[in-house]
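Enquirer: First the structure, which I've put down as structure tokens, then a few questions once you've had a look.
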Amino acid sequence: MKEHEHATKTSTPLKHHHPLIWYVKWGSSLILVLGMIFTSNNVYPLNLYFHFIGIAGWLAVGVAWNDRALIIVNAVALAIFANGLVAYFIKGG
């Protein structure tokens with residue numbers, strides 16, 4: 001660590017380095033929070049749509065950052081939510 005750097009400094013890319021990814025990250029986070037609110041209030045299947053979109057955004061962020069943990073967690077979560085949406089449509093929604 002360089003002398004002028006602080007130990008508490010974030011290691012994620014900053015807004016001015018990757019402005020589009022910064023907006024995707026925060027937009028996806030907001031969408032996920034809304035999905036959680038819908039889930040806690042049993043608003044089905046709207047909660048699945050919000051989670052799917054939010055997770056897809058975070059998967060894009062993980063790919064842009066080349067962060068394997070984010071890629072794996074969000075790829076698995078995306079498959080789980082896709083499975084839920086397909087099951088909803090197969091049952092005739």
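Enquirer: Might you check whether a residue that is open to solvent by less than 40 Å² (accessible area, probe 1.4 Å) and not in a helix (DSSP H, G or I) occurs anywhere in the range 38-49? Step through it out loud before you land on a result.
Expert: Within the range 38-49, the first condition is being open to solvent by less than 40 Å² (accessible area, probe 1.4 Å), and the residues that meet it are 45, 47-48.
Then drop every residue that is not not in a helix (DSSP H, G or I), which leaves 45.
Scanning the range 38-49 turns up at least one residue that is open to solvent by less than 40 Å² (accessible area, probe 1.4 Å) and not in a helix (DSSP H, G or I).
Enquirer: Under 6 Å between Cβ atoms, at least 6 apart or on separate chains: pull out the pairs that start in the range 47-76 with a residue that is in contact (Cβ under 8 Å) with a residue 24 or more places away in the chain and end on any residue that is among the basic types (Lys, Arg) and part of a helix (DSSP H, G or I).
Expert: Once the first residue is in contact (Cβ under 8 Å) with a residue 24 or more places away in the chain and sits in the range 47-76, its partners that are among the basic types (Lys, Arg) and part of a helix (DSSP H, G or I) give VAL61/LYS25.
Enquirer: OK, next. Count, please, the residues in the range 74-88 that happen to be closer than 12 Å to LEU48 by Cα and open to solvent by 50 Å² or more (accessible area, probe 1.4 Å).
Expert: So the count comes out to 4.
The values are calculated or read from the model by the stated rules, or taken from the named source; none is laboratory data. Here the structure is a predicted model, which means the values were calculated and not measured. Cβ coordinates were reconstructed from backbone atoms using ideal geometry, including for glycine residues, and neighbour counts include every protein chain displayed. Remember, those area values only see protein heavy atoms, side chains included, never the ligands or the DNA or RNA. Shrake-Rupley method; radii C 1.70, N 1.55, O 1.52, S 1.80 Å.
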